[in-house]
Amino acid sequence: MKITAVEPIHLRVPVVEAIPDGTLDVLIVKIHTDEGLTGIGEVTSQSYVCKACFDAPRSAARRHGLTSILLGEDPRDVEGLWEKMYYETNRYGRRGAGIHAMSGADIALWDLKGKIEGKPVSELLGGRVRDDVRAYASVLFADTPEETAAMAQEYVEMGLTAVKFGWGPIGPDPDVDVAHVAAAREAVGWDRDLMVDAGHAWDWETALGRTELFKPFKIAWLEEPVGQDDRKGYAELCKRSEIPIAGGEGDVTHWDFEDLIERGLDIVQPDIAFCGGITVCKRVSDMATAQGRKAVPHCFSTGINLAASLHWISTVPDGDLVEYCLRPSPLMRKLVVNLPPVIDGRVPVPAGPGLGIELDPAIEEEFTVRYD
Ligand code: MG
């Protein structure tokens, strides 16, 4: 069996605001074979740049476009192809757009392998330990504590048992931060989990001060309190914080996550459509499990990312949690026809071979960016 075509397809809603929302502009990847099967993947990054990472022609050694690397290869050797793509994009890949783009190819290859073998991706990864995964709602803090509380109330009514608020007004003023966290806690009640995403707002000393202020509200984790490259800051904070520290949504490859785990992070959050794909996530959760840490998927784009995350995390012994994005974008809500729903606070892992999802051709057509 051979790969006969690789299609990077750029989808974008008409108005893309400059807010931390991955549901507005994505690159989907389709890998076709000579036996008529197609695998589907997604890249959550800068779609124009990542599309070019596919389309670029062959060049001098280790700087080839991804499509040229994959054409003619046997799609069944997924991990071998990961190594080949990583090596042959070395000069521009490794830690930037090249590895983000590779994530989409890797997801599509796992989907394809599942379709070829008639098995769900979770089975290829060693088998599920659960058929559905507990969801946590992931939303941005509102402008005022009252609005934050009203949103929290909505998620409680949806049956969710965990909610994460992040970004927005959090950061400059400790009184504002505490008011929002207190309002969110009161609205979700004490029998549900509440997490806070600081969106790299502080240095580690300031972050440590916030962990003291947040202690009465019993938050399950404080996410990205310091800059993504402030590895020393993470290490200092993790040594001292009584609240678990989470991070890693901006990191790629299992080597970066090995570093975060060594720095003491309690929860690592790879994004499957960004970090290097399913292959990397599996390596990360194996490491996290061995070190007594927890991997929780960062997942804030389309149903393709969600389905891939569910297949992966359903196989991880201590992995009963997935980020569930509630943004209204049609690329999140409508692109995947059988979008996994939240039922009693949990999300079923899609059945069927591969990722078990189907795309809506009308949505694809409506939002495709034309390059010619
Ligand atoms: Mg985050």
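The values are calculated or read from the model by the stated rules, or taken from the named source; none is laboratory data. Keep in mind that this is a model prediction, so the values were computed, not measured. With ideal geometry, Cβ positions are generated from the backbone for all residues, glycine too; neighbour counts draw on all protein chains shown. Areas reflect the complete protein model, heavy atoms only, side chains present, ligands, DNA and RNA absent. Shrake-Rupley method; radii C 1.70, N 1.55, O 1.52, S 1.80 Å.
For the reader, a short list of remarks on this structure follows.
- Taken as a whole, the condition of being open to solvent by 30 Å² or more (accessible area, probe 1.4 Å), touching a residue at least 40 places away in the same chain (Cβ under 8 Å) and outside the structural domain of T161 (by TED's automatic domain parsing) does not apply to P317.
- Among the residues of the range 185-203, the one identified as away from the ligand (no atom under 16 Å from the Cβ) and more than 29 Å from E157 (Cα to Cα) is D203.
- Exclusive hit being outside any loop (DSSP other than H, G, I, E, B) and not assigned by TED's automatic domain parsing to the domain that holds D191, set D175, D106: D106
- Set A56, A52, A18: member being more than 22 Å from the chain's Cα centre (by Cα) and more than 13 Å from D106 (Cα to Cα): A56
- Residues of the range 345-359 classified as surrounded by 16 or more Cβ atoms within 10 Å (Cβ to Cβ), part of a loop (DSSP other than H, G, I, E, B) and on the phi < 0 side of the Ramachandran plot, total: 5
- Checking each residue in the range 1-51 for being open to solvent by less than 30 Å² (accessible area, probe 1.4 Å) and either of a type in the set (D, E, K, R) or without any contact (Cβ under 8 Å) to a residue 60 or more places away in the chain (or both) picks out D21, D25, E42, C50.
- All of (1) within 16 Å of the ligand (Cβ to nearest atom); (2) modelled with pLDDT of 95 or more; (3) open to solvent by 40 Å² or more (accessible area, probe 1.4 Å) hold for T206 with one exception: (1).
- Among the helices (runs of 4 or more DSSP H) confined to the range 219-305, the ones with at least 1 residues that are away from the ligand (no atom under 13 Å from the Cβ) and in contact (Cβ under 8 Å) with a residue 40 or more places away in the chain are located at 253-262, 278-290.
- Close pairs from the range 190-205: first under 15 Å from P244 (Cβ atoms) and assigned by TED's automatic domain parsing to the domain that holds P216, partner assigned to a loop (DSSP other than H, G, I, E, B) and away from the ligand (no atom under 16 Å from the Cβ), Cβ under 7 Å, at least 6 apart: D193/T161
- Residue, farthest from the ligand (Cβ to nearest atom), within the range 324-343, restricted to residues that are closer than 19 Å to R130 by Cα and either open to solvent by 10 Å² or more (accessible area, probe 1.4 Å) or in contact with a His (Cβ under 6 Å, 6 or more places away or on another chain) (or both): I343
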